[in-house]
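First the structure, in the form of structure tokens, and then the observations on it.
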Amino acid sequence: MTQKIIPYGRQEITNEDIQVVIESLKSDFLTQGPTILEFESKFADYVGSKYAVAVSNGTAALHLCALALNVNENSNIITTPITFVASANCVKYCNGNVWFADIDPVTYTLDVSKVEALIESKPKGFFNGIIPVDFAGFAVDLEAFKNLANKHGLWIIEDACHAPGGFFINSKNQQEFCGNGKYAELSIFSFHPVKHIACGEGGMITTNDISLYQKLLLLRTHGITKDASAIIEHHGGWYYEMQELGYNYRLTDFQAALGISQLKRADKGLERRREIAGIYKNSFKDKKYILSQSGDVLGHAYHLYIIQVENRKGLYDYLRLNNIFCQVHYIPVHTMPYYKAQGYKKESMPISEKYYEHCLSLPMFPTLTSEEQNFVIKTIDEFYQN
Ligand SMILES: *Cc1c(COP(=O)(O)O)cnc(C)c1O
């Protein structure tokens, strides 16, 4: 019996999602219409930020953030090697310099003490910013990063692509939601189908800073404004000004309509992800072949469920033969040919590199059935019994 492929991540599209997209296609605006504003406002409410800017994808969101914070050839920015390449590439788009600091072996996220050591190894004022990533859905302790950033005059871009709805607990024992704008200057999200909220392609930037917000709006649409209070000359009703070198990084209204519809179910999806994580956690807790697994952490958004095992390649191939398509997140960014060619050395981030040798992301998405999850667990067990 061949069984259906079980991917590591997958979107859910309901009949209601389809209906709202159809309605949107029949409306007056395919793009630059009111649905964008509605999505932005609902998303800002969801994460608890003052402002949100919808963009064409998560990578565009990172690029606009780097531009808005004036990253240039003199900038030095720190990020984690265990992330999608876009978290680092946004710095390169603006000709800045990327620095990597190693991860914490338990949370798999950027280790704040490693970042501090890196900052202190350079002259005062050398670094400009930090890009922590809420990797796999684990919300990083942004309060700790903010304290460090304040001490050294740095900004923070939080890459929260994995963690809408995730939170960490601050020193006052309060829940601080990813992207709420309290600790990071800017936070970004992606609406790629494997992420929590699917628009096809899509992204969002959240902030509490009105001047960054206004700058992002300008940069999203060619640096062009028609705002009467902002334009310098006034030629007539047709008149607009291009005041900065911007891009076309807009989201369409029908994508925003899908995003709004998906956002309504976001908490339900998160609940289901946490339930799936609990089952994995329990099933693997006494297994000798598990070197480590995703933590049982309050506020974890579980974009991914990660195990670390011996003979990862053997397990990956065996699961694949059984139509279980796991994935590895991530190949350390500094070991990519592009970064290696720029002088980044393999074996410079020992914890990240060791993590990469053993990690595997298991199927994790709200519509994963109990039968499917049991089959995944059983097949892993089978591999190590043989
Ligand atoms: C998905 C992702 C991105 C990029 O988002 P896109 O919408 O695919 O451009 C950036 N950072 C992280 C951590 C991601 O997972």
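The values are calculated or read from the model by the stated rules, or taken from the named source; none is laboratory data. Not measured: the values here are computed from a predicted model. Backbone-built Cβ (ideal geometry, glycine too); neighbour counts: all protein chains shown.
I need the full set of residues from the stretch 142-172 which are among the aromatic types (Phe, Trp, Tyr) and closer than 21 Å to Leu69 by Cα, in order please. Across the stretch 142-172, the qualifying residues are Phe145, Trp155. Of the residues examined, Tyr302 is not one that is under 20 Å from Gln373 (Cβ atoms) and more than 28 Å from the chain's Cα centre (by Cα). With respect to His162, is the statement that it is touching an Asp or Glu at 6+ places or on another chain (Cβ under 9 Å), touching a residue at least 60 places away in the same chain (Cβ under 8 Å) and of a type outside the set (A, V, I, L, M) true? In short, yes.
Note on the stretch 163-207: among residues that are aliphatic (A, V, I, L, M) and surrounded by fewer than 24 Cβ atoms within 10 Å (Cβ to Cβ), the one that is nearest to Leu219 (Cα to Cα) is Ala198. Meeting the requirement of 1 or more residues that are modelled with pLDDT of 95 or more and under 30 Å from Leu25 (Cβ atoms), the helices (runs of 4 or more DSSP H) wholly within the stretch 245-348 are 253-264, 266-284.
Kindly establish whether Thr35 is within 16 Å of the ligand (Cβ to nearest atom), among the polar types (S, T, N, Q), surrounded by 18 or more Cβ atoms within 10 Å (Cβ to Cβ) and touching a residue at least 24 places away in the same chain (Cβ under 8 Å).
Values: within 16 Å of the ligand (Cβ to nearest atom): no; among the polar types (S, T, N, Q): yes; surrounded by 18 or more Cβ atoms within 10 Å (Cβ to Cβ): yes; touching a residue at least 24 places away in the same chain (Cβ under 8 Å): yes.
Judged against the criteria, Thr35 is not a match.
Pairs are defined by a Cβ separation below 7 Å, a sequence spacing of at least 6 or placement on different chains, a first member in the stretch 338-361 that is in contact (Cβ under 8 Å) with a residue 40 or more places away in the chain, and a second member that is assigned to a helix (DSSP H, G or I) and of a type in the set (A, V, I, L, M); the pairs so defined are Tyr339/Val333; Leu360/Leu315.
Does Ala149 satisfy the condition of being part of a loop (DSSP other than H, G, I, E, B) and of a type in the set (Gly, Ala, Ser)? Steps first, answer last, please.
Numbers: part of a loop (DSSP other than H, G, I, E, B): no; of a type in the set (Gly, Ala, Ser): yes.
No.
For beta carbons closer than 8 Å, sequence separation of 6+ or different chains, a first residue in the stretch 190-201 that is on the phi < 0 side of the Ramachandran plot and within 10 Å of the ligand (Cβ to nearest atom) and a second that is hydrophobic (A, V, I, L, M, F, W, C) and in a strand (DSSP E or B), the qualifying pairs are Phe191/Met204; Lys195/Phe189. When Lys268 is tested against (1) of a type in the set (Lys, Arg); (2) over 15 Å from Ala54 (Cα atoms); (3) surrounded by 12 or more Cβ atoms within 10 Å (Cβ to Cβ); (4) in contact (Cβ under 8 Å) with a residue 24 or more places away in the chain, just one condition goes unmet, and that condition is (3).
In this entry, Leu212 passes the filter for residues that are over 30 Å from Val21 (Cα atoms), within 22 Å of the chain's Cα centre (by Cα) and either of a type in the set (Gly, Ala, Ser) or not in a loop (DSSP other than H, G, I, E, B) (or both). Inspect the stretch 167-175 for any residue being hydroxyl-bearing (Ser, Thr, Tyr), away from the ligand (no atom under 16 Å from the Cβ) and part of a loop (DSSP other than H, G, I, E, B) and give the result as yes or no. Within the stretch 167-175, one or more residues are hydroxyl-bearing (Ser, Thr, Tyr), away from the ligand (no atom under 16 Å from the Cβ) and part of a loop (DSSP other than H, G, I, E, B). Looking at the stretch 117-145, which of its residues are surrounded by fewer than 20 Cβ atoms within 10 Å (Cβ to Cβ) and in a helix (DSSP H, G or I)? Scanning the stretch 117-145 gives Ala117, Leu118, Glu120, Glu143, Ala144.
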